[in-house]
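Visitor: One structure coming up, written as C-alpha cells, with questions to follow.
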Amino acid sequence: MADTVLYEVSDGLATITINRPEAMNAMNIAAKAALRDALLSAAADTAVRGVLLTASGDRAFCVGQDLKEHVALLERDRETGTGDTMSTVREHYNPILRAITEMPKPVVAGVNGVAAGAGLGFALAADYRIVSDTAAFNTSFAGVALTADSGVSWTLPRLIGRARATDLLLFPRSVRAAEAYEWGLVNRLVPSAELASEATAVARALAEGPTLAYAAIKESLAYGAEHSLAETLDKEDELQSRAGSSQDHGIAVKAFLSKEKPKYVGG
C-alpha cells in the first residue's frame, strides 16, 4: 500500500491507518485509492478476522476531501471541458463505503480527532466507533456547496434521526465527542491517551470472536433497515440456520457447558 495509508496484519487483525497527519488526513487521490485497496485486501484475506480503521496524529481522523488537490483538479476540468474530478465518488468513496459495510468481518473505527465530510462517512460506516474525548464530527459538505457522499445521507439519519441529520447537513457545525456520544453516534468514548490501546483491544477481541456470526449480524442489521418485519424474520431464520451449523457455534456451546473460554476458528 502507498504510504498515505498503512496496512498491517497481525494475529488476524488488519490495522488500516490513514497516514497524512500533516494534512489532517485529508484524502487526495493516492490516499483514496490506497484506502479502497487496503479495505478490499482485508475483505479478501482469509487470515483477516477483524479490521481496525484509524489515523495518524492526534488532530484528525480524516477531514474528507483534500481541497487543495480538489481545486487544482476542478481547474483542470474547466480547461479540458470535462467533469472527471467528481468521478471520485464513484471510483473511490463508494467502493470504500461498500468495502466497510459489506465486509463479512467486524470493522472498528478508532476516531482520534476531527472526522469531517468523507471522514465522517468512513467512521459512520464502521460497525463500532471508539472515539477520543477530544474528537469532533462535522458533515462539512454544504460548507463547500456540495451534497452528502460517502454514505452519510444513509448512515447519519439512521443513527441520530432525520431531523438532526437534516440540521447538521444544512447547517454544518462541529459536534464534540461528548455530544456525539449522547446522540448515539459513538459506541465508546475514551480519554485521548487511551484511544489507541482501547481501539486495538476491542478490534482484537472481535477478531478473536465468532466472525461468521458477526458477519451474519452485520447482514441482518443492514437487511432489517430496509425490509418489513416479516421479511426480516425470514432473513433471520436463514442466517441463524447458517450460524447454527457452523463450527464456531458447536465450539461455543461446548465451551459454555464446560465453563471454558471458546477458541473460535471462524467457520
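The values are calculated or read from the model by the stated rules, or taken from the named source; none is laboratory data. The structure displayed is predicted, hence computed values, not measured ones. As a convention, Cβ positions derive from the backbone with ideal geometry for all residues, glycine included, and neighbour counts pool all protein chains shown.
Visitor: Filtering the range 183-206 down to residues that are touching a helix residue (DSSP H, G or I) at 6+ places or on another chain (Cβ under 8 Å) and of a type outside the set (D, E, K, R), which residue is surrounded by the fewest Cβ atoms within 10 Å (Cβ to Cβ)?
Guide: Among those residues, the one meeting the criterion is 184.
Visitor: Right, next: Out of the range 92-151, which residues are within 23 Å of residue 49 (Cβ to Cβ) and among the aromatic types (Phe, Trp, Tyr)?
Guide: Scanning the range 92-151 gives 122, 128.
Visitor: Considering the range 196-231 alone, what residues qualify as being over 18 Å from residue 12 (Cα atoms) and either without any contact (Cβ under 8 Å) to a residue 12 or more places away in the chain or assigned by TED's automatic domain parsing to the domain that holds residue 15 (or both)?
Guide: 217, 221, 224, 226, 227, 228, 229, 230, 231
Visitor: Taking into account only those residues within the range 1-53 that are in a strand (DSSP E or B), touching a Leu at 6+ places or on another chain (Cβ under 8 Å) and β-branched (Val, Ile, Thr), which is farthest from residue 113 (Cα to Cα)?
Guide: Looking at residues that are in a strand (DSSP E or B), touching a Leu at 6+ places or on another chain (Cβ under 8 Å) and β-branched (Val, Ile, Thr), I get 51.
Visitor: Step by step: first the residues of the range 165-180, then only those that are buried (at least 17 other Cβ atoms within 10 Å of the Cβ) and within 20 Å of the chain's Cα centre (by Cα), then the one that is nearest to residue 149 (Cα to Cα). Which residue is that?
Guide: Selected residue: 169.
Visitor: Please list, ordered by first then second residue, the pairs with beta carbon atoms under 9 Å, 6 or more apart or interchain, first in the range 10-30 and within 21 Å of residue 87 (Cα to Cα), second hydrophobic (A, V, I, L, M, F, W, C) and in a loop (DSSP other than H, G, I, E, B).
Guide: Taking only residues 6 or more apart or on different chains, the pairs are 25/63; 26/63; 27/63; 30/2.
Visitor: How many residues does the range 180-195 hold that are touching a residue at least 24 places away in the same chain (Cβ under 8 Å) and among the charged types (D, E, K, R)?
Guide: 1
Visitor: Shifting gears a bit: Out of the helices (runs of 4 or more DSSP H) lying entirely within the range 66-174, which hold 2 or more residues that are touching a Cys at 6+ places or on another chain (Cβ under 9 Å) and touching a residue at least 40 places away in the same chain (Cβ under 8 Å)?
Guide: Where helices (runs of 4 or more DSSP H) fall fully within the range 66-174 and carry at least 2 residues being touching a Cys at 6+ places or on another chain (Cβ under 9 Å) and touching a residue at least 40 places away in the same chain (Cβ under 8 Å), they are 118-125.
Visitor: Just to verify a result, which residue in the range 29-55, among those that are of a type outside the set (A, V, I, L, M) and modelled with pLDDT of 95 or more, is farthest from the chain's Cα centre (by Cα)?
Guide: 45
Visitor: Identify, from the list 35, 74, the residue that is crowded, with 24+ Cβ neighbours inside 10 Å, among the aliphatic types (A, V, I, L, M) and not assigned by TED's automatic domain parsing to the domain that holds residue 217.
Guide: Matching residue, one of 35, 74: 35.
Visitor: Which of the residues spanning the range 145-177 are of a type in the set (Val, Ile, Thr) and more than 25 Å from residue 99 (Cβ to Cβ)?
Guide: 166, 175
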